[in-house]
Every structure is written in C-alpha cells, then in structure tokens.
Amino acid sequence: MKALIYSTVIVGLVPIQSVLLPHISFWGVRPDLGFVAVCLIGLIAGELDGLLMGLALGWAMSLFSAQDLISCMVLKGTVGFVAGLAGRQVVYLSPVVLVAGLLVVSCLAGLVAPFALQLSVEQDWWWAVWTVVLPQACLDAMIGGLIYWIMLSRWSIEQLMSESRM
Amino acid sequence: MRMVNFRVPYSARRGAFFLVLILVVGFLLLPGQLQSVFQEVGGPLGWMISWPLRAVAGIQDRIAGAWGRYVALQGVEEENQQLRRELDLLKEQNGQLREASVATERLSALLEFKKQVLPTSVAAQVIGRDTGNWYKTIILNKGASDGLQSDQGVITPAGVVGRVVKTTASTAVVLLVTDPNNAIAGLIQRTRDEGIVEGTTQGQARLKYIPLLSNARPGDHVVTSGLVEGFPRGIPIGTIIRIDKEEEALFQSAEISPEVDPNRVEEVLVIRSASIPTEGERFGVPKPKP
C-alpha cells in the first residue's frame, strides 16, 4: 500500500510539475511540488521515508530537467531526511509552524542550489535570492501549508505520525 | 477514519540506510560514472512517467484549444487586421528576398542545404517545461528511441530554439537559447563577425566576444556560424537590439532579441547532427585523391 502511494506520488507529480504548473507560475517562478511532497512525507512518515522518497523524486524530476542528477537527488534526499528528523522532535505541528518551517528549509535548499549547480556568471547569488529562492520559498510554504491544513482537517495527523514512526 | 500502516521492520531500515550510504559514497567517489548509470537506468522510469506526462499535456492542449477558440476571443479582430497588414508586408519582403536568393550563389547553396537537412531532422511536439526554476527548458515528446541525443540543435522555421541536453527513451529536454547556461556559436550576417550567443536572465540573448573593430549595429541579424556541432551555418538566432562597448574591454557584446519566442513554441525540428553535410560536401569541393 505504501509503495503504491509513493509510486503514484512520483509518477503523478512530475507531469503536474512540468505541464500544469508553468501555466500558473508567479513572476515566472513555480512552486516545487517535489520539495513540498518530500517535506510532508519526511514529517509524517519519518526520516527514512523522507530520504528515500527525496532520492526517488529527485531522480525522477531530474530526468525532465536540465538540472544534474546528483544535486537534484542529494538536495531532495537531504530535505526529506531533515524533515523526518524535525518531525521526530515535535508532538503537535500546527499549519502556521509548518509554513514557517517550509519557508526556512526551502530558502536554505534554494541558497545551496546555485553553488551545487554551478550556474552561469550572470546568475549570481543576489539574482538567485530575489528572483528564484524567495518567491519559490513563499509558494512552497503556502502550498505545503494548504495541503497540511487539508490533511489535518480530514485525518488524525498525530496518529498517522505515531503509527508510521513505530 | 482509515489509517495506513507505515511500519517498517528494523532490519529493512538498516538495509535502506546502508544502501543510501553506499549511494552517497558512490556519488562522492565516482560522480560522473554513477550519474551516467542512473541516467541509463532511469530510461524505463522516464518512459513510465512520459505516459501520464503526455496524457496531461494532451488534456491541457484540448482545454487550451477550447479556451482559445471559444472564451479568449477579446481583441481577436484587431489582432487579425494587424496580422493581415503584417502578412502583406512580409509577402512583399518575401518576394524581394526570393529575387535576391536567385541572384546569389551562396544563398542558393544554402537553400540546397536546407533541402538536404530536412530529411535528417525530426519533428517533435513540446509537452512540458523544466521541473525546476533554475533552467529554461522545454520537454519534447521524442527521445532516444527516435534518434535524439545530447547536443543536437533544435529549431523552428523562424530560427533557433535551443539544444538537447538530456534524453530518455521517449522524451528529450531542450535547453533554450535564452538560458544563461546555453552557448551557441553565432555570426553577424552583415559583418561576418563571429561570437558566442548566451542567454540572459531577462529572457533575451547576448552575442559575446565581438571584435572591437566590428561595425555591428542594432538591426543586424545574427545566425548560427556552424562552427560547433548541432547547428548548420545560417539558421537565424535573433536581431541585435543594442551594442555594449565597455572602455578598455577586449571585445564588445550585443543584446539580441531572439527570433523564436520560447514561451510560445509548440512544435520544433530536432537536427540530427550526424547527417549534416560538411561545408565542403555542400559546396561541392572535390575530395583529395589518396
């Protein structure tokens, strides 16, 4: 069941990210649904699931991007692992705290990306921060918070977290 | 309320962590080799994902078509009249160019070359965009199984679109000419000065390394120089809109408005470089006798 859910997330998320999201981008920037999914999976299901899903989603998404495979896999895997470790430290996670957490983690991951990708000279650090990192972090946080709020209203997240982390 | 059992046995967790550790060590020690292995192994995964990708792209095309035909019709009449005026002007210009093409041997050789290139190119449809925000790319519905491979040039009848950077069995990723990480050898058509065309962060392109003595000016057309693999000589890249000459610089550069709007491109031609004839073959230079 778990493998089926994760496979569906991987196979379904890439088309949505590459086909549908370009139509609803803000300032030319799209949210990274892979990042949001990995964070939520890490938080709810633990660091191992976050790590493995991060690696798998990073691999799948890199096949449809110019981004190199290693940076994509390692960044998403690390994010999933960190989200899992963070989820272990909290008893109750409100949507507001999650939004703030996603904003910070997305900013940090975004700041690492220009160095990991070795972008052109024109795409300097300030350009990256103002045109990609901050807008994307805001979008990631908003979408992540929205998904978490929907999940919270439909399921018992605490029970799900404790079940999956036993 | 339905719950899903997410329990993982301890030994499986340990095994998974061990595998991940091996992977990370592998990435650190053999990054290139492991990346190519994953790219190869990712073929079936890419093929599997390409099916929902095509399905979603198809649905999106139909919705966009219906929207464009029935809903978004504001200003269509005005646009239609403007396009008709532009078409008349272009017809006139086209006639003049045809006359000129007959008169020059060079242009006729180029036309002959176009006839030769056409069978070697593969038509493909744009089905998506980059999954990240760092690169400006498009995803095509043709891949390695159709003969596509990295570094092949991608064009439309209007001009250069970009370069293939990655392929799966049924899809290909094209880095656009407007991406700052792309570099294509370019040539100013009027002055014959060569340079490198790179994208800019503003969505335009820039021709770099133009000699200081060049008298290039705004309005000049930039075409591919054919010096690097992927593009034959003479395919339009864009028009110069500004010349930048800095004091004490060794070269000057020019800002280019690309001929193709990468955000609106829907169908493209991928040039399979292996079949492109050399300059000598095109102009009929005799081969040296052994």
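The values are calculated or read from the model by the stated rules, or taken from the named source; none is laboratory data. The structure displayed is predicted, hence computed values, not measured ones. Cβ sites come from the backbone with ideal geometry, for glycine too, and all protein chains shown count toward neighbours.
The condition of being under 24 Å from B:GLY26 (Cβ atoms) and at pLDDT below 85 holds for only one of A:ALA116, A:ALA109, A:ALA66, A:ALA60, that being A:ALA116.
Could you pull out the residue among A:VAL96, A:VAL82, A:VAL90, A:VAL105 that is touching a residue at least 24 places away in the same chain (Cβ under 8 Å), surrounded by fewer than 16 Cβ atoms within 10 Å (Cβ to Cβ) and closer than 18 Å to A:ILE44 by Cα? Checking each option against the conditions leaves just A:VAL96.
May I ask you to list the residues in the stretch B:190-206 that are touching a Phe, Trp or Tyr at 6+ places or on another chain (Cβ under 7 Å) and either within 15 Å of B:ILE241 (Cα to Cα) or β-branched (Val, Ile, Thr) (or both)? So that I can check it myself, show each step before the final result.
Residues of the stretch B:190-206 that are touching a Phe, Trp or Tyr at 6+ places or on another chain (Cβ under 7 Å), as a first pass: B:195-196, B:201.
Within the stretch B:190-206, B:ILE196, B:THR201 meet the criteria.
Only one of the numbered conditions (1) of a type outside the set (D, E, K, R); (2) free of Cβ contacts under 8 Å to residues at least 24 places away in the same chain; (3) over 26 Å from B:VAL126 (Cβ atoms) is not met by A:VAL38, and that is (2).
Given the criteria surrounded by fewer than 18 Cβ atoms within 10 Å (Cβ to Cβ) and within 10 Å of chain B (Cβ to nearest Cβ), does A:MET73 qualify? No; evaluated as a whole, the condition is false for this residue.
Identify, from the list B:ILE235, B:ILE184, the residue that is within 14 Å of chain A (Cβ to nearest Cβ) and under 13 Å from the mean Cα position of the chain (by Cα). Don't jump to the end; show me each part of the working.
Numbers: B:ILE235 fails: within 14 Å of chain A (Cβ to nearest Cβ).
The conditions single out B:ILE184.
Summed over the stretch B:44-66, residues that are within 7 Å of chain A (Cβ to nearest Cβ) and within 23 Å of the chain's Cα centre (by Cα) total 6. Summed over the stretch A:9-32, the residues that are buried (at least 17 other Cβ atoms within 10 Å of the Cβ) and closer than 19 Å to B:LEU45 by Cα give a count of 8. A:GLY145 meets all of the listed conditions (1) of a type in the set (Gly, Ala, Ser); (2) over 17 Å from the mean Cα position of the chain (by Cα); (3) at pLDDT 85 or above; (4) under 16 Å from A:GLY42 (Cα atoms) but one, namely (2). Does the stretch A:48-66 include one or more residues that are within 10 Å of chain B (Cβ to nearest Cβ), among the charged types (D, E, K, R) and without any contact (Cβ under 8 Å) to a residue 60 or more places away in the chain? There is no residue in the stretch A:48-66 that is within 10 Å of chain B (Cβ to nearest Cβ), among the charged types (D, E, K, R) and without any contact (Cβ under 8 Å) to a residue 60 or more places away in the chain.
Only one of the numbered conditions (1) at pLDDT below 80; (2) closer than 23 Å to B:ASN263 by Cβ; (3) of a type outside the set (Asp, Glu) is violated by B:LYS115, and that is (2). Taken over the stretch B:120-154, the criterion of being facing another protein chain (nearest Cβ under 7 Å), of a type outside the set (A, V, I, L, M), touching a strand residue (DSSP E or B) at 6+ places or on another chain (Cβ under 7 Å) and closer than 18 Å to B:PRO52 by Cα is satisfied by B:GLY128, B:ARG129, B:ASP130. Please tell me if A:PHE35 is surrounded by fewer than 22 Cβ atoms within 10 Å (Cβ to Cβ) and under 21 Å from A:ALA137 (Cβ atoms). Spelling it out, it is not the case that A:PHE35 is surrounded by fewer than 22 Cβ atoms within 10 Å (Cβ to Cβ) and under 21 Å from A:ALA137 (Cβ atoms).
The residue that is nearest to B:ASP61 (Cα to Cα), counting only those in the stretch B:116-171 that are out of contact with any Ser or Thr (no Cβ under 9 Å at 6 or more places or on another chain) and surrounded by 24 or more Cβ atoms within 10 Å (Cβ to Cβ), is B:ILE138.
Among the residues of the stretch B:27-74 satisfying the criterion of being loosely packed, with under 13 Cβ neighbours inside 10 Å and of a type in the set (Phe, Trp, Tyr), which is farthest from B:ASN141 (Cα to Cα)? Across the stretch B:27-74, the extreme among qualifying residues is B:TYR70.
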